[in-house]
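Structure record follows, encoded as structure tokens.
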Protein chains: 2
Amino acid sequence: MDIVRELRSRLAADAVIAGAEIEERHLRDFLVAAPPGVRPVAVVYPRSTADVAATLAICNAHRVPVVPQGGLTGLAGGATPMAGWVVLSLQRMRAIEEIDRQAATMTVEAGVPLQLVQEAADAADLLFPMDIGARGSCLIGGNVSTNAGGNRVLRYGMTRELVLGLEAVLADGTIVTSLNKMLKNNAGYDIKQLFIGSEGTLGVVTRLVLRLFPKPRSLATALCGLPDYDRALMMLQRARAHLSGALTAFEVMWPRYYFHATEGLSRRAPLPQGHGVYLLIEAMGGDRVEDEPRFARLIEGALEDGIVSDAIIAQSLKDARDLWSVRDAAGEIGRSFGPGATFDVSIPTGELGKFAEVLTERLTARWADADAVFFGHVADANVHISVRTGAKPLPLHDIEEIVYGTVRDWGGSVSAEHGIGLLKKPYLGYSRSPAEIEVMKRLKAALDPRGILNPGKVF
Amino acid sequence: MDIVRELRSRLAADAVIAGAEIEERHLRDFLVAAPPGVRPVAVVYPRSTADVAATLAICNAHRVPVVPQGGLTGLAGGATPMAGWVVLSLQRMRAIEEIDRQAATMTVEAGVPLQLVQEAADAADLLFPMDIGARGSCLIGGNVSTNAGGNRVLRYGMTRELVLGLEAVLADGTIVTSLNKMLKNNAGYDIKQLFIGSEGTLGVVTRLVLRLFPKPRSLATALCGLPDYDRALMMLQRARAHLSGALTAFEVMWPRYYFHATEGLSRRAPLPQGHGVYLLIEAMGGDRVEDEPRFARLIEGALEDGIVSDAIIAQSLKDARDLWSVRDAAGEIGRSFGPGATFDVSIPTGELGKFAEVLTERLTARWADADAVFFGHVADANVHISVRTGAKPLPLHDIEEIVYGTVRDWGGSVSAEHGIGLLKKPYLGYSRSPAEIEVMKRLKAALDPRGILNPGKVF
């Protein structure tokens, strides 16, 4: 039997879409489109784990590749289909099954949008801390499959650390249910780790037990100008020690980024241009009365000791939003900076300052008009970079060679939080040894012997 | 060539011990001895990762099983050898290679005792937070291989969350080096997760990058008496919210435990007998001046609201130690309680009170003289249990069936933090489904196709 007919024989009438009725949006993630003319053989919209299992069993029998899709907000091509593949969209599996206030957990299906997870936690007077710009459209199963990061990793960890339990379907349709709700569970291998961050290549995530936290009761935010990156490192140590577990964000912006995110966009700069680096620092605590003065003392002490040259402490939520708007302008700086190549890499925190210097030198040595802006979650070792060269068209491959080559020289990672997908696959070997990649391949062969799950992604 | 001769031909003269010279201590962990008369064929003491790789390559070629050993403080038989096996003791690999203050990491060999890791972090004005009673003798590689827990999991996570990078040697001698120092790294599968908590069955951990934290500047401790377990749950919610990230311990002791740990041992009880449950609560923060009053307000508010009936707040480090001594008496209560069967299980926090009631009922229904004491890291869902029945000899198997059967009924874990090893292997299926165990077996076959690494452990 033809695979589309077989899928239709097992799933609800509206669950299998084929041919011209396939929506264009399934052909790409946010950055990477399928090659022109490429069409999947079908898009399947399961409503249950059993539907996912039936779909995978059929595709496995037919040896037809499957690409799982969430909100299609990925930035590496992990969800992009190839010709003849089946697209498995989790968007209709959107039940919030349980919130357990005592265990501080939420059990959800993989197709719940991140924002709905956040709102459901909030309604239960709890916090689901993971947050990224795509919150309204990304689905929680996609966040887990890509181990999403974001702005609060410093305090709450990557998505991996927010998953207590997980259900996944293997390539052959086997359902593996591990919906653990307990912080401590050493009963055998922690197999959920396999499915987190493996970009749909080892199994399809169908349900999740997420870890919730108490809602913070205080928020403190400041923007600081510092003489140099070394002072930012000193400030990080102070902030970690003084704010204890309350430090939620430590975002460093290098001066070229700061310029393009303020004056470059014809916006008022909260602090004048000219500082060595800019720091956006945020803390969330449990005590409205004490936390803000404590935060202010940290900033004032750093000013007195010459670690910070100038600072603005937010006096209201509106102030805080205004200070964040400089950091949040990352998606818009292209209007000032011009078209550029963008990167999401990690470098050990202590060496990030020197890395930025050397990379800028290497780029300008190659292209006299090259410019690079740096900004990011420095405490997590994560920096984002935009590079322009003045050359037309943008010599993307040559820029990548220089950026990823420099990352390799520093022992960094070619993907801090966006994943590998298709886009970074040529550079995986810059951050992982042949032995590491060989282990990945052995895992893939063990769990998906016919290679039907998102083949050719990651490695 | 005979395997001992081959090992001797590749390793230093003092690195391979065979025959009568093998020390007795290598025949057992803290709880589980090898069967009488069982002797390993050799004990190998590698000094480097290359030594480990050479040993494994030789054993793999000879199809001789290998058991990795750390400090031999395990409680489940994970490190116990069988007849004809090679013991691989990591105890000579004890270099602390680097402390990176900016990245807040420490790179160590697997054979460094936990206490030396803690002391080295302390000397660098940082904290390695994992702490268990065996700190002086357990080795960090063993802590990682068993994903050790302890008293501070609530705040800092299990050992798994404290490992940023790892080097392991596979069964065939392949060295897989992933010494990542960065909080964010999504370059392919996170393969280090495989080796954490898999009890030496998938690879031998040789080096580690550990995550360090700022040293806390304040310590607050209290012992509280509460009317019932539900009040303890209410107190947990308050403590999480008010103390924000500073809550480090939330240890609940049921009244029978409290009795045996105080009067039963002829020790003064800090609070009188008769409360419904006892709670030891601890917080560590960043501000000496404010943290203690904040903690005191939490306790006082709970007293006013009837959540807590009575409380003692430590006024000195000595006070704090005295309060902890009731909880730390767990190893001694046998002198009052009598010989019993002990358990380390997890149950979702909200249901632990009811679980303790039902389990006690089931035990006393079976044995009129049965008694059970409960105590543990309730916020982590982890409870320790001792059971006596009055019957002689202790009907261990029947007790296990009732305890683990009740754990299964509650969807709990038969091992919260001690691992499976040999001792809990018959009960793995009480907490893991056949599909989950099948995935574990597939991973084992993929990474250790000849099954030489600690075979027969875990499953």
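Test each condition in (1) under 25 Å from B:Asp172 (Cα atoms); (2) not in a loop (DSSP other than H, G, I, E, B) for B:Arg47 and report the one that comes out false.
Only one criterion in (1) under 25 Å from B:Asp172 (Cα atoms); (2) not in a loop (DSSP other than H, G, I, E, B) is unmet by B:Arg47, namely (2).
Looking only at segment A:431-448, count how many residues are more than 29 Å from A:Asn60 (Cα to Cα) and either within 20 Å of the chain's Cα centre (by Cα) or among the aliphatic types (A, V, I, L, M) (or both).
The total comes to 2.
Restricted to segment A:122-149, and to residues that are among the small types (Gly, Ala, Ser) and crowded, with 23+ Cβ neighbours inside 10 Å, which residue is farthest from the chain's Cα centre (by Cα)?
Among residues in segment A:122-149 that are among the small types (Gly, Ala, Ser) and crowded, with 23+ Cβ neighbours inside 10 Å, the one farthest from the chain's Cα centre (by Cα) is A:Gly141.
Over 30 Å from A:Val378 (Cβ atoms), surrounded by 20 or more Cβ atoms within 10 Å (Cβ to Cβ), in contact with a Gly (Cβ under 6 Å, 6 or more places away or on another chain) and modelled with pLDDT of 95 or more: does that describe B:Leu88?
Answer is no for this residue.
Based on what the data block shows, is A:Gly331 more than 14 Å from every other protein chain (Cβ to nearest Cβ), more than 29 Å from A:Arg294 (Cβ to Cβ) and surrounded by fewer than 18 Cβ atoms within 10 Å (Cβ to Cβ)?
So A:Gly331 fits the description; yes.
What's the number of the only condition in (1) under 27 Å from the mean Cα position of the chain (by Cα); (2) at pLDDT below 95; (3) part of a helix (DSSP H, G or I) that B:Ala20 fails to meet?
Of the numbered conditions (1) under 27 Å from the mean Cα position of the chain (by Cα); (2) at pLDDT below 95; (3) part of a helix (DSSP H, G or I), the odd one out for B:Ala20 is (1).
Would a scan of segment A:149-157 turn up a residue that is hydrophobic (A, V, I, L, M, F, W, C) and under 16 Å from A:Lys457 (Cβ atoms)?
Within segment A:149-157 (the criterion being hydrophobic (A, V, I, L, M, F, W, C) and under 16 Å from A:Lys457 (Cβ atoms)), the answer is no, since none of the residues qualifies.
Please go through (1) under 20 Å from B:Gly334 (Cβ atoms); (2) within 23 Å of the chain's Cα centre (by Cα); (3) not small (Gly, Ala, Ser) for B:Phe355 and return the number of the only condition it doesn't satisfy.
Going through the list (1) under 20 Å from B:Gly334 (Cβ atoms); (2) within 23 Å of the chain's Cα centre (by Cα); (3) not small (Gly, Ala, Ser), B:Phe355 breaks only (1).
Determine, yes or no, whether A:Ala341 is within 21 Å of A:His260 (Cβ to Cβ) and in contact with a helix residue (DSSP H, G or I) (Cβ under 7 Å, 6 or more places away or on another chain).
Yes.
Can you name the condition, by its number, that B:Leu317 falls short on among (1) more than 10 Å from chain A (Cβ to nearest Cβ); (2) buried (at least 16 other Cβ atoms within 10 Å of the Cβ); (3) of a type in the set (A, V, I, L, M)?
Only one criterion is unmet by B:Leu317, namely (2).
If a residue must be at the interface with chain B (Cβ under 7 Å from one of its Cβ atoms) and not aromatic (Phe, Trp, Tyr), how many such residues does segment A:184-204 contain? Walk me through it before giving the result.
Of the residues in segment A:184-204, the ones at the interface with chain B (Cβ under 7 Å from one of its Cβ atoms) are A:184-191, A:193, A:197-198.
Subset that is not aromatic (Phe, Trp, Tyr): A:184-188, A:190-191, A:193, A:197-198.
Looking only at that region, the number is 10.
For segment B:382-459, which helices (runs of 4 or more DSSP H) that fit wholly inside it have 3 or more residues that are at the interface with another protein chain (Cβ under 10 Å from one of its Cβ atoms), over 25 Å from B:Lys354 (Cβ atoms) and touching a helix residue (DSSP H, G or I) at 6+ places or on another chain (Cβ under 7 Å)?
In segment B:382-459, the matching helices (runs of 4 or more DSSP H) lie at B:434-447.
Consider A:Ala61 against the criteria (1) within 16 Å of A:Leu170 (Cα to Cα); (2) in contact with an Asp or Glu (Cβ under 9 Å, 6 or more places away or on another chain); (3) in a loop (DSSP other than H, G, I, E, B): it satisfies all of them except one. Which criterion is unmet?
(3)
Could you figure out which of (1) at pLDDT 95 or above; (2) surrounded by 16 or more Cβ atoms within 10 Å (Cβ to Cβ); (3) closer than 30 Å to A:Ala296 by Cβ isn't true of B:Glu300?
Here B:Glu300 meets the rest and fails (2).
I need the full set of residues from segment B:222-263 which are more than 12 Å from chain A (Cβ to nearest Cβ), of a type in the set (Phe, Trp, Tyr) and part of a helix (DSSP H, G or I), in order please.
B:Tyr257, B:Tyr258, B:Phe259
May I ask you to say which residue of B:Thr73, B:Thr55 is in a loop (DSSP other than H, G, I, E, B), surrounded by 20 or more Cβ atoms within 10 Å (Cβ to Cβ) and at pLDDT 95 or above?
Checking each option against the conditions leaves just B:Thr73.
Going residue by residue through segment A:264-276, is there one that turns out to be more than 14 Å from chain B (Cβ to nearest Cβ), part of a helix (DSSP H, G or I), touching a residue at least 40 places away in the same chain (Cβ under 8 Å) and touching a helix residue (DSSP H, G or I) at 6+ places or on another chain (Cβ under 9 Å)?
So far as segment A:264-276 goes, yes, one or more of its residues are more than 14 Å from chain B (Cβ to nearest Cβ), part of a helix (DSSP H, G or I), touching a residue at least 40 places away in the same chain (Cβ under 8 Å) and touching a helix residue (DSSP H, G or I) at 6+ places or on another chain (Cβ under 9 Å).
Starting from residues that are polar (S, T, N, Q) and more than 21 Å from A:Leu11 (Cβ to Cβ), keep the ones in segment A:91-115 and report whichever is surrounded by the fewest Cβ atoms within 10 Å (Cβ to Cβ). Full working, then the answer.
Pass one, segment A:91-115, residues polar (S, T, N, Q): A:91, A:102, A:105, A:107, A:115.
Cutting the leftovers down to more than 21 Å from A:Leu11 (Cβ to Cβ) gives us A:102, A:105, A:107, A:115.
Numbers: A:Gln102: 18, A:Thr105: 25, A:Thr107: 20, A:Gln115: 15.
My answer is A:Gln115.
Do you know which residues across segment A:367-381 are over 10 Å from A:Ile347 (Cβ atoms) and either free of Cβ contacts under 8 Å to residues at least 24 places away in the same chain or part of a loop (DSSP other than H, G, I, E, B) (or both)?
Within segment A:367-381, A:Trp367, A:Ala368, A:Asp369, A:Ala370 qualify.
Which count do you get for residues in segment B:102-141 that are out of contact with any Leu (no Cβ under 6 Å at 6 or more places or on another chain), away from every other protein chain (no Cβ under 13 Å) and small (Gly, Ala, Ser)?
6
What pairs come out if I take residues in segment B:1-22 that are closer than 17 Å to B:Arg39 by Cα and pair them with residues that are among the polar types (S, T, N, Q) whose C-beta lies under 9 Å away, six or more apart or interchain?
Listed by first residue and then by second, the contacts come to B:Val16/B:Thr55.
Looking at segment B:151-183, which of its residues are within 9 Å of chain A (Cβ to nearest Cβ), surrounded by fewer than 24 Cβ atoms within 10 Å (Cβ to Cβ) and of a type in the set (D, E, K, R)?
Hits for segment B:151-183 are B:Arg155, B:Arg160, B:Glu161.
One line per residue, one yes/no per condition, for (1) buried (at least 17 other Cβ atoms within 10 Å of the Cβ); (2) modelled with pLDDT under 95; (3) more than 23 Å from B:Gly149 (Cβ to Cβ):
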| position | (1), (2), (3) |
| --- | --- |
| B:Trp410 | yes, no, no |
| B:Gly419 | yes, no, no |
| B:Lys424 | yes, no, no |
| B:Leu428 | yes, no, no |
| B:Glu438 | no, no, yes |
| B:Lys444 | yes, no, yes |
| B:Val458 | yes, no, no |
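Spot the failing condition for A:Ala372; the list is (1) crowded, with 23+ Cβ neighbours inside 10 Å; (2) within 14 Å of chain B (Cβ to nearest Cβ), and only one is missed.
(2)
Name the residue that is nearest to B:Ile196 (Cα to Cα), counting only residues in segment B:396-431 that are touching a strand residue (DSSP E or B) at 6+ places or on another chain (Cβ under 8 Å) and among the charged types (D, E, K, R).
My answer is B:Glu417.
Cβ contacts < 9 Å: first residue within 13 Å of chain A (Cβ to nearest Cβ) and under 14 Å from B:Glu290 (Cα atoms), restricted to segment B:205-221; second residue crowded, with 24+ Cβ neighbours inside 10 Å and of a type in the set (Phe, Trp, Tyr), any location; separation 6+ or different chain. Result?
Short answer, once both residue conditions are applied: B:Ser218/B:Phe295; B:Ala220/B:Phe295.
The values are calculated or read from the model by the stated rules, or taken from the named source; none is laboratory data. In this text the structure is predicted, and so the values were computed from the model without any measurement. Every residue, glycine among them, receives a Cβ derived from its backbone with ideal geometry; neighbour counts consider all protein chains shown.
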